[in-house]
Structures are given as structure tokens and as C-alpha cells.
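Worksheet: one structure, shown below.
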Amino acid sequence: AGGAVAPWRTVLRAGGGGGTPVCASAGARGALYCSVAGTGTVRIDPADGRVLWSAPSASSREVRAPVVSGPVVLSAGPDGRLRALDPVKGTAVRETALPARPGAAFPAGDALLTVAENGTVTALDGASGATRWKKPLVGHVRPDFALYDPDSGLAYAFEHTPSGTATLVTAVDAASGRAAWQRQVDGVLTPVATAGAGELVLTAMDENSDTAELVRYAPATGASARIALPFALDGPQVAMAGEVAYLLARGGSLLAVDTGAAGAKAELWRLETGVGRASAPVLGEGGRLYFSAADGRLLAVDTERGALVGQTRARLSGGKLAYASDLPAPVTAGRLVVGSAPDGSVFAVDGADPGGW
């Protein structure tokens, strides 16, 4: 078919150990950037999987996905330094010491937000590394950033109260550091997505630290609505399309919820994917949801029917499962879907033909 994607597989790290590659796409540049512990950062041609350049790193510890910011590619290492690489040549442009704990740089548009141990937030310009602004967030002691909305330019910081009964949420303009709004909401909450009219969707934990509700907060009116889930989920990660939230639990349970509905009508469908441990879900073309499993499989779900429609084979490290605190989510670019596996490989499939994986 016209525009079909030719599958490919590239091994970035041979042998056992070293973890699973983590990748990011720069759609406008037509490039794919991946980092893997013990190897470094590479640029891959998404058309055929060729490695165009490699910037070695001696680190064997966990790495984060590269961040494309303006004219550079940023790679944060566990040594507390941020490397800026030329996207064409892969050569180092500069290094910047992060004013926070190692690797804790939250991408927000063309800025990186870091939080120091004293709670001070610093915004670094992604292109130059210069400090744009530096200030504490009023009301917070040690905030975390969980979400960035490119449409509004707002980054959402949150912090649970010492009593564990409420959560302070602050919407911060990433360009200026100005607080657009701040609200303390009942419950142990985490911002996960934005919905229509600038509303914020958060997950709410119960006394067993499972997610039992979704909370939808409207800053324009101060109103909040709670959507009870039909069953509690263990550490779900959320993808959202329109009014629908897709919650994928660690153990592979997948639930579709209409955040504009209430009661039994909120649940659209549920699916047990059979995955022992899952990555964050990613939405792609054709109403499909993609995620990775701990054994290197890439899976696709039809969000209209709530049905598993394709999966790749397992790719283990030396025939064994490799542990990672967080599984890298797939990357989508048009019909291209890129997964990574614990055997050190990065691979691409045609998202329009999951049945042929």
C-alpha cells in the first residue's frame, strides 16, 4: 500500500545487561534519537534503521530519552550534567551542570525545568543552556513536575500535603515562571492529562496506593468532578484522546473511561492484555494504542473495540527478562511505530498493519 513502512531492527547494545534503549522522535526533522546505558546516544534514520551517528557515553547506569530542543539534542546523564549534541554530526556542543538532582530535567517545550533539593525551580533554555528564570513555587516545599501542555504552554507541578489527604497543584507558565493558577484538591493526586477548555485530569489513589478514581478539575470555575473507576488499578499510566482516558496498569489491565460521564456509564470497555509489566501507552494513527512489555513485545490495541489487534515477538536479553524501573514507551511518527527491547535493539513496524507484525 502507498506509504507503507518497511520493518527494520537495529541492535544498539550487544550482549546482556545495560538496559533497554529509550528513544524520542523529532518529526519535523525526520529523525529518531535513542540512548542506551553503556553505549550513549545515537541518531537513527527512521526509514531503514541505519545509525547515522553515535555519541559514546561511559555510563552504565539508567539513562533518559534524548530531548530535541531547538537546534540541539539534549542528553541528561546520571553524572548531573546535560550534554547538548549537534543533531547532524552528533558532536558535543556544550555541557551544562544541572542545578538539581542528576537527570532530573523535565522538558517543557523549548525549556527544561529542574527542581533543586531546596524546592527552587530553574528553567533552562534548551537551545543555549542559559537560565531563563529561577524561583521557588509559592506554597510548595519540594514540587514535582508531571505534565506539560504544549497548547497552553503550562507545566503542572504537584505536591502531596504532609497529612497525605490533599494535593497542591500549580499550573506554571514554562516561559516566564508565572503561576497561572494554584489549587489544593482533596486526595493523593497526580496530574496525567489535559482535556477540553483547559481542564486538568488527575489520578487519585486509595488507602492501598491503587488508583480508584479520576478527578477532572476546571480552573476557570474551580469545580472538580470525580469519576469512580469500576475497579482499582495498580500504578496506571494514562493516555487521553478527547474526553476518553485510557488507563494501563502495571499488570496489563487496560481500561477506557469517558471523563465526561459518571457512574457506570463512564466505563467504555476493559481489556486484559496478558502483559506482566507494561510501559506507558501511546496513541497513534487510526485510533490505535501502543505499549511495550517487559519482554520486548510491542502491542497494539484498537481503541474503538477495545481489542488487541497485534503484537511483535518477545526480544529478551540473553533469554532472560532484564529489569528496568520504567519501561520505555514506544515512539510514533505517522505510520511508523518504534519499539525498544531488553536485548538492546530498536525496531520499527507499520502501525497500519498490526496484524502482520
Item to check | ³J(HN,Hα), Karplus 6.51/-1.76/1.60, whole Hz, each residue of the stretch 105-116, x for Gly, Pro | outcome: 10, 9, x, 9, x, 9, 10, 10, 9, 10, 10, 6
Item to check | Difference of contour (0.36 nm per residue) and Cα-Cα distance, Asp173 to Lys89 | outcome: 26.9 nm
Checklist outcome for this item: Assertion target for Trp269, Trp357, ordered by fewest C-beta neighbours within 10 angstrom first, is Trp269, Trp357
Item to check | Asp326, Asp125, Asp350 arranged by Cβ crowding within 10 Å, fewest neighbours leading | outcome: Asp326, Asp125, Asp350
Checklist entry - In whole Hz, what ³J(HN,Hα) sequence does the stretch 224-230 give by Karplus (6.51, -1.76, 1.60; θ = phi - 60°), x for Gly and Pro? => result 10, 10, 10, 10, 6, 7, x
Checklist entry - Residue separation times 0.36 nm, minus the C-alpha to C-alpha distance between Ala307 and Trp133: what's the value? => result 58.0 nm
Next on the checklist: Test of understanding: what is the full-extension gain from Thr161 to Ala264, defined as 0.36 nm times their sequence separation minus their Cα-Cα distance?
Outcome noted: 34.0 nm
Item to check | Under 5 Å, built H, 5+ apart or other chain: amide partners of Glu213 | outcome: Ala204, Leu229
Checklist entry - Using Cα pairs under 8 angstrom and six or more residues apart, how large is the relative contact order of the chain, in percent? => result 13
Next on the checklist: Residue by residue through the stretch 198-210, what is 3J(HN,Hα) from phi via Karplus (6.51 cos²θ - 1.76 cosθ + 1.60, θ = phi - 60°)? Round to whole Hz and write x for glycine and proline.
Outcome noted: x, 7, 10, 10, 10, 8, 10, 8, 9, 5, 9, 6, 9
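Computed from the coordinates by the stated procedures, all read-outs in this text should not be read as laboratory data. On a predicted model such as this, the values are computed, not experimentally measured, just so you know. Glycine gets a Cβ as well: all are built from the backbone with ideal geometry, and neighbour counts include every protein chain shown.
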